[in-house]
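As structure tokens, the structure follows; a few thoughts come after it.
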Ligand SMILES: Nc1ncnc2c1ncn2[C@@H]1O[C@H](COP(=O)(O)OP(=O)(O)OP(=O)(O)O)[C@@H](O)[C@H]1O
Ligand SMILES: [Mg+2]
């Protein structure tokens with residue numbers, strides 16, 4: 001293939017490893033290798049100087065000698081206000097992710113022989129709208145035309161369906177990656193991929209297993225080292241211990257035990273570690289995933305009683321730990337399948353991206369419909385009409401990842417009127433509601449005598465459970481508004497709120513004061529940064545040389 005600029009790409013922007021794939025002329029997804037000839041690239045960024053950044057395995061190794069200039073696990077901070085400072089410049093999680101994306105795009109361009117523009121990026125199913133939007137903005141900052149954001153389990157299921165022809169099945173995807181865990185129940189058929197429900201923990205992944213093993217190795221090392229050796233001060237040793245821990249963990253997926261040679265603070269030690277020991281020390285982490293699976297099954301039962309799981313797919317590199325399969329078998333009687341755990345997400349995203357491109361062409365002004373769009377895309381990419389028709393025919397339906405609600409006065413205490421006003425969040429749409437949601441309504445009321453305005457504030461659930469406390473929710477800055485200029489109204493006058501979320505995550509909220517008919521309409525595509533900030537960051541990232 002020579003026309004890389006006509007290609008579309010699927011990118012798995014992982015917490016610890018990322019991958020980029022496209023669909024070749026035969027209609028099969030292929031992963032682009034990076035400059036190390038590796039199919040996955042560590043999601044690690046080394047800020048060498050103000051104009052040079054290194055991404056990937058070299059950056060990961062740089063952490064040993066220059067930890068202060070290295071950023072890893074940035075995905076855990078997506079959608080947050082975190083900031084990083086290097087050589088007088090400030091970087092957001094979006095712009096650091098953009099540097100990783102830029103490197104992936106460069107590798108893909110070298111692999112396919114053309115520039116990379118259009119791409120779909122994947123996110124954990126459990127990412128809320130803010131994190132999804134931050135991921136999309138990271139793509140824009142990297143100079144990509146992000147044609148879609150797709151949940152990782154959906155991409156994995158799409159790839160599974162494409163390779164096995166799974167028909168009318170209910171699949172549970174158990175995705176244990178480097179930094180996040182999610183379980184998602186998906187119904188797969190020839191023409192639809194429907195997410196039924198999803199749950200997860202965005203701070204649980206292989207990195208936590210690494211940390212346990214690192215601490216275990218450190219403790220064993222200290223047992224052997226003389227008492228006066230202060231190994232905690234040997235930063236280089238501690239960093240290399242982290243790398244050794246991850247390598248050892250991976251080896252323990254195959255071997256029953258491993259001997260590790262460690263050298264720090266001038267002391268050498270040999271530590272023996274067995275898989276059984278490692279599994280005991282990480283048992284509670286695996287327990288957490290099992291609890292989340294149970295919660296997911298409970299949600300499934302309440303949403304669609306009696307639904308059986310036909311297949312369990314394991315994706316994410318950390319599912320290669322034998323304990324995962326063993327535990328799921330023992331706990332649920334399942335026979336889970338490891339499905340291309342490192343690459344299924346990127347490959348599925350590439351398949352999804354092609355379907356998106358066809359639909360985008362078909363919806364353009366003057367387009368003659370899907371079949372003409374299929375022919376055009378076939379011409380651009382060299383992929384057969386038949387393969388494209390299959391991809392375009394597949395509809396994906398998602399669920400809302402997290403609840404949204406509005407701030408109201410807590411009137412649960414009968415004496416609330418005589419006390420200082422306490423605010424809570426009243427959720428109107430909920431996690432696992434199928435998208436688009438039905439219209440939800442909430443009747444609330446004015447809280448002060450003679451009130452002449454009503455302010456509306458939108459919040460998204462931030463924790464695992466949608467609690468009413470403000471602290472358990474994130475304020476959405478674009479979701480603020482005021483109905484003002486009302487005649488002074490008696491306390492308790494009604495205010496009606498309606499809310500819907502469409503399948504692209506666009507939230508619409510209307511608040512109406514019925515006696516005057518005055519209303520406030522808010523349409524938000526939830527995002528953390530403004531368009532100006534994104535453009536500004538894009539300019540800065542364009543000026544930085546990134547290499548692998
Ligand atoms: N053979 C193996 N045995 C155990 N763990 C492994 C093995 N191979 C890879 N891993 C672990 O898998 C994790 C990376 O998996 P993956 O690439 O799927 O995650 P990611 O995409 O970076 O993270 P996330 O999906 O959470 O954003 C790392 O913690 C890595 O150490
Ligand atoms: Mg992943």
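Just one of the listed residues (294, 303, 320, 288) is modelled with pLDDT under 95 and closer than 27 Å to residue 156 by Cα, and it is 303.
One residue stands out among those in the stretch 169-185 that are away from ligand 2 (no atom under 14 Å from the Cβ) and at pLDDT 95 or above: the one that is nearest to residue 402 (Cα to Cα), which is 185. Evaluating residue 29 against the criteria (1) touching a residue at least 60 places away in the same chain (Cβ under 8 Å); (2) away from ligand 2 (no atom under 16 Å from the Cβ) leaves one unmet condition, (2). In the stretch 249-261, is there at least one residue being modelled with pLDDT of 95 or more, touching a helix residue (DSSP H, G or I) at 6+ places or on another chain (Cβ under 6 Å), part of a helix (DSSP H, G or I) and closer than 28 Å to residue 314 by Cα? The answer is yes; a qualifying residue exists.
Here 103, 137, 130 are screened, and the one residue that is in a helix (DSSP H, G or I) and farther than 24 Å from residue 462 by Cα is 103.
A quick yes/no check of all residues on (1) touching a strand residue (DSSP E or B) at 6+ places or on another chain (Cβ under 6 Å); (2) within 30 Å of residue 69 (Cβ to Cβ); (3) crowded, with 16+ Cβ neighbours inside 10 Å:
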residue	(1), (2), (3)
251	yes, yes, no
257	yes, no, no
264	no, yes, yes
268	no, yes, no
275	no, no, yes
278	no, no, yes
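For the stretch 522-548, name all the residues that are within 24 Å of residue 436 (Cα to Cα) and free of Cβ contacts under 8 Å to residues at least 24 places away in the same chain.
Taking the stretch 522-548 and keeping what is within 24 Å of residue 436 (Cα to Cα), we get 522-528.
If the condition is that a residue be within 24 Å of residue 436 (Cα to Cα) and free of Cβ contacts under 8 Å to residues at least 24 places away in the same chain, then 523 is the only one that fits.
I'd like to check something: does the stretch 504-517 contain any residue that is within 18 Å of residue 133 (Cα to Cα) and in contact with a helix residue (DSSP H, G or I) (Cβ under 6 Å, 6 or more places away or on another chain)? Yes; the residues of the stretch 504-517 include at least one that is within 18 Å of residue 133 (Cα to Cα) and in contact with a helix residue (DSSP H, G or I) (Cβ under 6 Å, 6 or more places away or on another chain).
Can you tell me which of 28, 69 is assigned by TED's automatic domain parsing to the domain that holds residue 128, in contact with a helix residue (DSSP H, G or I) (Cβ under 9 Å, 6 or more places away or on another chain) and buried (at least 17 other Cβ atoms within 10 Å of the Cβ)? First the steps, then the outcome.
Values: 28 fails: buried (at least 17 other Cβ atoms within 10 Å of the Cβ).
Only one candidate passes the filter, namely 69.
In the list 532, 439, which residue meets the criterion of being exposed (fewer than 15 other Cβ atoms within 10 Å of the Cβ), in contact with a strand residue (DSSP E or B) (Cβ under 9 Å, 6 or more places away or on another chain) and farther than 25 Å from residue 421 by Cα? If you could, list the steps in order and put the result at the bottom.
Details: 532 fails: in contact with a strand residue (DSSP E or B) (Cβ under 9 Å, 6 or more places away or on another chain).
The conditions single out 439.
The values are calculated or read from the model by the stated rules, or taken from the named source; none is laboratory data. Because the structure is a prediction, the values reported are computed rather than measured. Note: ideal-geometry Cβ built from the backbone for every residue, glycine included; neighbour counts use all protein chains shown.
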